[in-house]
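Single-structure report; data block below.
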Amino acid sequence: MKRYRPSTKLVMIGVVLMLAGVICWGIESPLKNNPNTLFLFPLGLLFICSGGLELTITAFITLRKNDLAARKRIEEAQEKNKR
């Protein structure tokens, strides 16, 4: 049975987005009283959520592909046993 793996490109995009969000929070944290950097907190939150969503979707797509391959193998084995 062929085992599908998550796309490396999509996983890297998700991780980079999450790291960008953490960096935004790290920059905003020491400059909390500066009104010019207040946009970094929601921007960082948006990046972290987008990266997590990207990773979740990639995991579900891979899980579905593996499930379909396993079901196909089981059906072929049952059909072979009936003969």
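The values are calculated or read from the model by the stated rules, or taken from the named source; none is laboratory data. Note that the structure is a prediction, hence the values are computed from the model and not measured. Cβ coordinates were reconstructed from backbone atoms using ideal geometry, including for glycine residues, and neighbour counts include every protein chain displayed. SASA here: full protein model, heavy atoms, side chains in, ligands and nucleic acids out. Shrake-Rupley method; radii C 1.70, N 1.55, O 1.52, S 1.80 Å.
Pick out the one residue from SER29, SER50 that is open to solvent by less than 100 Å² (accessible area, probe 1.4 Å) and at pLDDT below 95.
Answer to the check: SER29.
Name the one entry in VAL22, VAL15, VAL11 that is of a type in the set (A, V, I, L, M, F, W, C), in a helix (DSSP H, G or I) and farther than 25 Å from ASP67 by Cβ.
VAL22
Each row is one residue, and each column tells you yes or no for (1) in a helix (DSSP H, G or I); (2) open to solvent by 60 Å² or more (accessible area, probe 1.4 Å); (3) free of Cβ contacts under 8 Å to residues at least 24 places away in the same chain; (4) charged (D, E, K, R).
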| position | (1), (2), (3), (4) |
| --- | --- |
| TYR4 | no, yes, no, no |
| ASN36 | yes, yes, yes, no |
| LEU45 | yes, yes, no, no |
| THR58 | yes, no, no, no |
| LYS65 | yes, yes, no, yes |
| ALA70 | yes, no, no, no |
| GLU79 | yes, yes, yes, yes |
